[in-house]
Amino acid sequence: MRAIIVDDVEKVALSLKEMISTYCTDVQLIAIANNADQAEELIGNLKPDIVFLDIHMPGRGGFDLLQSMEKIDFSIIFVSAYNEYAIKAVRFGAIDYILKPVDVSELKEAIERAKEKHSTKKIEIQNLLNNLNKPGDDSNTIIINSERGSSFLKIADIIRIEADGNYSIIFTVSGEKVISSKNLKTFENFLENYSFIRVHHSHVINMKYIKELNKGEQLELVLTNKEIIPISVRKKQGFLERFNKF
C-alpha cells in the first residue's frame, strides 16, 4: 500500500516515516506534506492508498482538507496530539486515529484495519464530516462495529445504552439491540454534548425518552419503551440538576 504523511512538524513526520519503514514493510511511503495545500496536490497527483493525517495544522487543518476534496478514495489514519471532541467524533465515525507520540503496535493495528475497511472508507469519512459540522445535533449518525458488521445508528434513535462487561448494549426506538465492543464510558464521553446522561454505573440514557421520574426509596426513571432504569445515589444530584434544566 502506498502512503502519504501530512504533518506540519517535520520531526514528527520523519519519526513516523522511520516507524513505517522499519515495522510496516508492506507500506510504501511515497511523500510527506507539511501543510494541507501541499497535501491536496500530492494526493491528487500520487493517488495514495493511505494518508496519515494530522488534525491541527496552521491554516487549514486535516478536517478542512477532507472537506475541500471532491473525491476521497483513500483510507485515513488520523495522527493527533489532541484528545478532545474531534477525536471522539473520529472514533465514532469508525475511522482510525493514533495519538502522538505514536506507538508502534497502535500504528501496525491501524494499518491492518485500514486495509480491511478499504471499501467502506468514503461512507465513514462523510459520516465523520457530517458529525463535525453539526456537533450536538441528534440527527448525526454513529457507526457501531459489531460481530454482524457495521451498523449506522442515528443518535436520535438511541433510547439508552447499558454496560455489559467491557461491551455495551444499545437499545433503539425500533426495539433493536446492537452490541458494541466499546465500553459505556466511551459512549458517555462522546454523547455528553447530546441529550444523554449517565444515571448509573450500568446505564446511560437519552433524556428525550424519559416518561416518568419516580421518587421513592430508589429514584427510578420510566422510559417511553416502559423500561425502568434506576438512578444511583452517586448520580442522583447531577441528574436532577440537569433534568430540571432539560
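The values are calculated or read from the model by the stated rules, or taken from the named source; none is laboratory data. Quantities reported herein were computed from a predicted structural model and do not represent experimental measurements. Ligands, DNA and RNA are stripped out before the accessible areas are found, and what is left, the full protein with its side chains, is counted by its heavy atoms. Shrake-Rupley method; radii C 1.70, N 1.55, O 1.52, S 1.80 Å.
General remarks:
- Remark on region 1-61: ratio of C-alpha radius of gyration to 2.2 N^0.38 Å is 1.05.
- Beta bridges per DSSP with both ends in the chain, % antiparallel, nearest 5: 60
- For the chain, built as a Gaussian network whose Cα springs stay under 10 Å, the top-fluctuating residue of Ser180, Ser168, Ser150: Ser150
- Rounded Å value of the spacing that divides the Cα centres of region 19-62 and region 174-188: 33
- Rounded to 10°, Cα long-axis angle of helix 233-245 versus longest principal axis of the chain: 90
- Members of Lys182/Lys236; Lys185/Lys235; Lys47/Lys115; Lys185/Lys226 lying beyond 20 Å, as alpha-carbon distances in this model show: Lys182/Lys236; Lys185/Lys226
- Computed lengthening from Asn225 to Lys47, 0.36 nm per intervening residue step minus Cα-Cα distance: 59.2 nm
- The chain, accessible surface, carbon-and-sulfur percent (1.4 angstrom probe): 46
- The angle between the Cα long axis of helix 121-133 and the longest principal axis of the Cα atoms of the chain comes to about 60 degrees, rounded to the nearest 10.
- With Cα atoms, 0 to 90° folded angle of helix 36-46 axis to the chain main axis: 70
- If the Kirkwood radius is taken over C-alpha pairs of the chain, then at 20 °C and 1.002 mPa s the Stokes-Einstein diffusion coefficient equals 109 µm²/s.
- Restricting the calculation to Cα atoms, region 124-199 shows an Rg/Rh of 0.93 when the hydrodynamic-style radius is the Kirkwood one.
- Working note: Cα gyration tensor of region 197-246, eigenvalues times five, square-rooted, sorted largest first, giving semi-axes of 14, 12, 11 Å.
- Accessible area per residue, Å², the chain with all protein chains present, probe 1.4 Å: 51
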